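As structure tokens, the structure follows; a few thoughts come after it.
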Amino acid sequence: MAEYAVLAGRSVRLTRRNPDAVITSLVLPVLLMLVFVYFFGGAIETGTTKYVTYVAPGVLILCAGYGASMTATTVSVDMTNGIIGRFRAMDTSGTAVLTGHVAASVARNTAATAAVLGVAFAIGFRPQAQLTGWLAACGILLLYITTLSWLGAAAGLLAKTPEAAGGFTFVMLFLPYPSSAFVPVETMPDWLHGFADHQPVTPVIESLRGLLLDQPTGNSPWLALVWCLGLLAVTLPVCAALFRRCTA
């Protein structure tokens, strides 16, 4: 466990030494929250009294995508700058190296989530959740962030360069849009409903929205758990195999 803690601390320190990326991951989701609420909110009908009430869970998910994309880049940097060879010479496990990056990603995302929630509260977001609802929402969000971070680690291992790993950002930022994050799925073209209803982001957002607003969630939390745990079950062994291949 000591090497896991040491490498997690290393990844966090690397994050602190890259203030531009940290500021972007914190400020950009906040700006998107303000853009959606004040630029588009008046023209979007969601059935709620305030658009910020509807859109806040979606921006939290978008925020997680930014953090995961940074994981892809930092893993790719490690794989291309020679540091992995030194780690291997010290008999450091690949799992510990990747877990360190994921831990740093979770820490970044926690800070970004707090910033987005703070701004949401300031502009009118008023969740109605009880303690159990908050705990369940935080648990699902943390699991989603962890899943995305491991997916980011896999992307970083696959990418040939850190610049190519940065392309993972596009995928993570695209998925919330064809979902219920910013507008109800029913308002989208019919041909898009199937994808929007059955992709992993939608049940996560619907779970957060229902839990935070103390509304019925249906089977969304279970679907969110199945998606996240299923992706983790696939991604973890893939990351291990990719790391072995890259360091063979």
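Please specify each residue of region 163-184 satisfying the condition of being surrounded by 17 or more Cβ atoms within 10 Å (Cβ to Cβ) and outside any loop (DSSP other than H, G, I, E, B).
Ala165, Phe168, Thr169, Met172
Taking the residues in region 15-53 that are modelled with pLDDT under 70 and in contact with a helix residue (DSSP H, G or I) (Cβ under 7 Å, 6 or more places away or on another chain) as candidates, determine which candidate is farthest from Tyr144 (Cα to Cα).
Among those residues, the one meeting the criterion is Thr48.
Within the group Ala56, Ala8, which residue is within 19 Å of Asn109 (Cβ to Cβ), at pLDDT below 80 and in a helix (DSSP H, G or I)?
Values: Ala56 fails: at pLDDT below 80.
Unique residue meeting the criteria: Ala8.
Would you pick out the residues in region 218-243 that are free of Cβ contacts under 8 Å to residues at least 24 places away in the same chain, surrounded by fewer than 15 Cβ atoms within 10 Å (Cβ to Cβ) and in a helix (DSSP H, G or I)?
Step one: of region 218-243, the residues free of Cβ contacts under 8 Å to residues at least 24 places away in the same chain are 218-220, 222-223, 226, 230, 233-234, 237, 241.
Those still in the list that are surrounded by fewer than 15 Cβ atoms within 10 Å (Cβ to Cβ) too: 218-219, 222, 226, 230, 233-234, 237, 241.
Hits for region 218-243 are Trp222, Val226, Gly230, Ala233, Val234, Pro237, Ala241.
Please specify each residue of region 122-137 satisfying the condition of being surrounded by fewer than 20 Cβ atoms within 10 Å (Cβ to Cβ), out of contact with any Leu (no Cβ under 6 Å at 6 or more places or on another chain) and either over 14 Å from Ala56 (Cα atoms) or in contact (Cβ under 8 Å) with a residue 40 or more places away in the chain (or both).
Ile123, Gly124, Arg126, Gln130, Leu131, Thr132, Trp134, Leu135
Within the group Thr147, Thr169, Thr202, which residue is modelled with pLDDT under 90 and not acidic (Asp, Glu)? Even if it seems obvious, please write down each step before you answer.
Working: Thr147 fails: modelled with pLDDT under 90; Thr202 fails: modelled with pLDDT under 90.
Going through Thr147, Thr169, Thr202 in turn, the sole match is Thr169.
The values are calculated or read from the model by the stated rules, or taken from the named source; none is laboratory data. Remember, it's a predicted structure, so these values are computed and weren't measured experimentally. FYI the Cβ positions are ideal-geometry reconstructions off the backbone, even for glycines, and counts take in every protein chain you see.
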